[in-house]
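Read through the structure below, which is laid out as structure tokens, and then see the notes.
The values are calculated or read from the model by the stated rules, or taken from the named source; none is laboratory data. Computed from a predicted structure; not experimentally measured. Glycine gets a Cβ as well: all are built from the backbone with ideal geometry, and neighbour counts include every protein chain shown. Surface areas here come from the heavy atoms of the whole protein model, side chains and all, with no ligands, DNA or RNA. Shrake-Rupley method; radii C 1.70, N 1.55, O 1.52, S 1.80 Å.
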Amino acid sequence: MAMLKYNLIPKPNFYKTLDGTYTVSSGTKVLCAEEFLTAGNYLTAYLKTSPVSTEGAIKFKKVGGMEPESYKLKVSPKGIFVEASDARGAFYGAVTLKTILMQATKKEGKAVVNGLLIQDAPQYSYRGVQMDESRHFFGVKTVKQVLDMMAMLKLNTFHWHLSDDQGYRIESKVFPLLNSVGSTRKYAGLQGFGFKHRGGEYSHYYKQEEIREIVAYAKKLHITVIPEIDVPGHTLAMLAAYPELSCTGKKIEPACENGILEDILCAGNEEVYTFLEKLFQELCSLFDGPYFHIGGDEAIKGHKLWEKCPKCTSVMQAQGLKSPKELQGYFMTRVNAMLKKYGKTCIAWNDCINDNFDSSIICQYWFPNNLAAVRKQASHRDFILSPENYFYFDEKYARVSLKKVYKFNEVKVGFAGVGQHIRGIECEHWSEWIDTDSALQFAMFPRLFAVAEVGWTKLANRRYRDFYKRLAWYKTYLNKIGINYSRLEKGRAATRQVIPYHFGADGKEYKKSEELKAKESF
């Protein structure tokens with residue numbers, strides 16, 4: 001494959017230089033079928049097109065038989081042509097072309113594009129980014145900015161963590177106490193890794209019209225939004241609003257501290273299932289995508305409450321369940337059945353999934369416990385790979401370096417078997433300490449570029465040194481649009497005794513990055 005003349009991330013899987021050039025201006029037409037309109041609009045928004053008949057055209061054409069999300073882009077003296085079989089493929093062709101136009105030689109306000117042929121398709125069908133807004137609320141503007149960068153990098157899934165112990169972040173008209181009580185905590189959070197509280201009362205949630213606005217915005221960028229309502233653990237905010245849904249019924253408050261907490265939804269209480277049915281019905285009307293994340297992680301402390309709860313033990317006896325772990329399987333299976341009625345496929349974290357779970361539930365792998373059993377699950381259910389030591393971006397660059405992210409492959413985390421169902425990858429941005437836009441950007445960039453290339457480009461076509469050269473242009477672009485990327489990209493590997501989190505703007509890495517940024521000149 002010829003050397004890329006343009007800096008493209010993710011790297012195309014096939015690239016060839018052609019003779020000649022083609023000139024593009026604001027007068028160039030963008031011609032496309034109606035079903036490829038999002039691709040056309042993406043380009044014209046950049047070109048600010050006022051078409052002139054003498055200025056040529058960029059043409060999108062639908063052809064049959066191409067892989068999902070794939071595209072062909074050809075630039076020659078005869079014109080610019082993009083071919084695809086589906087709207088996502090056409091959109092990614094437009095994304096590639098826009099990035100090329102941004103880098104093309106400019107003459108008298110026109111872009112001169114070198115001849116080329118790109119034929120491209122993604123490695124994985126699922127290429128995800130997660131944001132946690134229970135611990136820290138970022139708002140519509142920030143989410144849209146993240147979606148814009150995802151689109152530029154051909155990332156296609158936005159996993160939105162909207163409910164946890166520290167807050168419930170979606171307006172509920174059916175259960176208003178989820179907002180008046182569950183969306184408010186006494187303090188913003190913790191200072192560093194200690195127990196000193198920072199900030200005053202913290203109260204935020206998205207109005208339903210804002211949720212719809214973001215879902216619609218993502219749809220135009222061919223990004224699927226997946227909401228996560230974590231159950232049965234990580235539900236302190238829910239239980240603060242409706243304590244009768246717990247095993248004890250005691251009055252509690254949304255958490256200000258972090259960690260794994262004991263309180264949990266009561267798996268033996270039928271009122272819990274009635275509550276969740278009504279809540280999910282309301283939520284499914286806001287999210288039109290096919291997926292719904294139901295969490296299921298870190299419920300182990302709550303299992304101790306289930307063992308003492310008469311309602312839970314009664315259900316275990318009636319259903320022939322031998323342990324709280326099996327009771328959680330029963331609980332999650334019922335939740336899955338609820339969401340199936342609304343056309344949703346459920347996703348759950350790997351530390352709760354076992355053979356009792358419906359095979360339609362997708363497993364998201366993050367925690368390396370009992371890996372042999374987890375790998376076995378991949379033979380009869382789909383998997384998303386988010387291993388904490390590669391893709392948890394709330395952790396320090398010393399632990400999850402840019403190069404380490406880039407070097408990820410399935411084999412390194414034990415997934416190399418024939419017949420395993422791996423949909424793709426996802427990086428996580430847990431916000432216990434990511435508490436500002438700049439801290440989020442610092443955690444996300446430049447590691448998100450590595451995620452994009454790992455998710456799209458075949459392993460045989462990836463070279464870290466080549467990637468790093470192309471990354472230089474993107475760093476300049478981030479600087480231009482005011483996104484704060486980390487100037488630190490690596491460090492000594494952290495041991496288990498070292499706190500892995502970078503603490504956002506309070507962290508040493510962040511502060512060092514700011515010092516380095518102050519010395520730069522662009």
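Entry remark, segment 475-503: residues being modelled with pLDDT under 85 and in contact with a Leu (Cβ under 8 Å, 6 or more places away or on another chain) number 1 in total.
Per the conditions (1) under 25 Å from the mean Cα position of the chain (by Cα); (2) open to solvent by less than 20 Å² (accessible area, probe 1.4 Å), the sole criterion not satisfied by residue 264 is (1). The C-beta contact set for segment 243-268 (first residue β-branched (Val, Ile, Thr), second residue surrounded by fewer than 15 Cβ atoms within 10 Å (Cβ to Cβ), distance under 7 angstrom, 6+ apart or interchain) comprises 260/301. Residues in segment 329-356 that are closer than 15 Å to residue 230 by Cβ and open to solvent by 10 Å² or more (accessible area, probe 1.4 Å): 351, 353. Taking the condition touching a residue at least 60 places away in the same chain (Cβ under 8 Å) and under 23 Å from the mean Cα position of the chain (by Cα), does residue 343 pass? For residue 343, the condition - touching a residue at least 60 places away in the same chain (Cβ under 8 Å) and under 23 Å from the mean Cα position of the chain (by Cα) - is not met.
May I ask you to verify whether residue 297 is among the charged types (D, E, K, R), open to solvent by 20 Å² or more (accessible area, probe 1.4 Å) and more than 18 Å from residue 424 (Cβ to Cβ)? No: the conditions fail for residue 297.
Given the criterion at pLDDT below 95 and either farther than 27 Å from residue 415 by Cα or touching a Cys at 6+ places or on another chain (Cβ under 8 Å) (or both), identify the matching residue among 340, 301, 308.
Numbers: 340 fails: at pLDDT below 95; 308 fails: at pLDDT below 95.
So the residue among 340, 301, 308 that is at pLDDT below 95 and either farther than 27 Å from residue 415 by Cα or touching a Cys at 6+ places or on another chain (Cβ under 8 Å) (or both) is 301.
If you go through segment 76-111 and pick out every residue that is part of a loop (DSSP other than H, G, I, E, B), open to solvent by less than 50 Å² (accessible area, probe 1.4 Å) and within 18 Å of residue 46 (Cβ to Cβ), you end up with 1. For segment 219-238, the criterion of being within 19 Å of residue 145 (Cβ to Cβ), of a type in the set (Lys, Arg) and either assigned to a helix (DSSP H, G or I) or out of contact with any Ser or Thr (no Cβ under 6 Å at 6 or more places or on another chain) (or both) is met by at least one residue.
Looking at (1) under 28 Å from residue 267 (Cα atoms); (2) crowded, with 17+ Cβ neighbours inside 10 Å, which one does residue 360 not meet, given that it meets all the others? Failed condition: (2). Within segment 220-243, is there a residue that is touching a Cys at 6+ places or on another chain (Cβ under 8 Å), surrounded by fewer than 21 Cβ atoms within 10 Å (Cβ to Cβ) and farther than 23 Å from residue 300 by Cβ? No, segment 220-243 contains no residue that is touching a Cys at 6+ places or on another chain (Cβ under 8 Å), surrounded by fewer than 21 Cβ atoms within 10 Å (Cβ to Cβ) and farther than 23 Å from residue 300 by Cβ. Which members of segment 1-58 meet the condition of being among the hydrophobic types (A, V, I, L, M, F, W, C), open to solvent by 30 Å² or more (accessible area, probe 1.4 Å) and modelled with pLDDT of 95 or more? If the condition is that a residue be among the hydrophobic types (A, V, I, L, M, F, W, C), open to solvent by 30 Å² or more (accessible area, probe 1.4 Å) and modelled with pLDDT of 95 or more, then 14, 18 are the ones that fit. Within segment 178-205, residues that are open to solvent by 70 Å² or more (accessible area, probe 1.4 Å) sit with their Cβ atoms under 6 Å from residues that are at pLDDT below 90, at 6+ positions apart or across chains, in these pairs: 187/197; 187/199; 191/198; 193/499.
When residues in segment 504-519 are screened for being assigned to a loop (DSSP other than H, G, I, E, B) and either modelled with pLDDT under 85 or more than 24 Å from residue 145 (Cα to Cα) (or both), 1 of them pass. Counting only residues that are closer than 30 Å to residue 255 by Cα, of a type outside the set (D, E, K, R) and either in contact with a Pro (Cβ under 6 Å, 6 or more places away or on another chain) or not in a loop (DSSP other than H, G, I, E, B) (or both), segment 112-143 holds 7 of them.
In segment 20-72, the qualifying residues are those that are more than 34 Å from the chain's Cα centre (by Cα) and in a helix (DSSP H, G or I), and the one that is farthest from residue 220 (Cα to Cα) is 54.
With the condition kept exactly as written, say whether any residue in segment 298-320 is on the phi > 0 side of the Ramachandran plot and of a type in the set (Gly, Ala, Ser). Yes; the residues of segment 298-320 include at least one that is on the phi > 0 side of the Ramachandran plot and of a type in the set (Gly, Ala, Ser).
Within the set 505, 452, the sole residue that is among the hydrophobic types (A, V, I, L, M, F, W, C) and closer than 23 Å to residue 199 by Cα turns out to be 505. So is residue 17 assigned to a loop (DSSP other than H, G, I, E, B), on the phi < 0 side of the Ramachandran plot, among the hydroxyl-bearing types (Ser, Thr, Tyr) and in contact with a Gly (Cβ under 9 Å, 6 or more places away or on another chain) or not? Answer is no for this residue. Restricting attention to segment 158-177, the residues that are under 25 Å from the mean Cα position of the chain (by Cα) and either open to solvent by 10 Å² or more (accessible area, probe 1.4 Å) or not polar (S, T, N, Q) (or both) total 12. Scanning segment 177-191 for residues that are in a loop (DSSP other than H, G, I, E, B) and hydrophobic (A, V, I, L, M, F, W, C) returns 181, 188. Scanning segment 424-445 for residues that are among the aromatic types (Phe, Trp, Tyr) and either touching a His at 6+ places or on another chain (Cβ under 9 Å) or not in a loop (DSSP other than H, G, I, E, B) (or both) yields 430, 433, 442. Basic (Lys, Arg) and within 27 Å of the chain's Cα centre (by Cα): is that true of residue 304 in this structure? For residue 304, the condition - basic (Lys, Arg) and within 27 Å of the chain's Cα centre (by Cα) - is not met. Quick test of your reading of the structure: residue 210 fulfils all but one of (1) within 19 Å of the chain's Cα centre (by Cα); (2) assigned to a loop (DSSP other than H, G, I, E, B). Name the failing condition by number. That leaves (2) as the condition not met.
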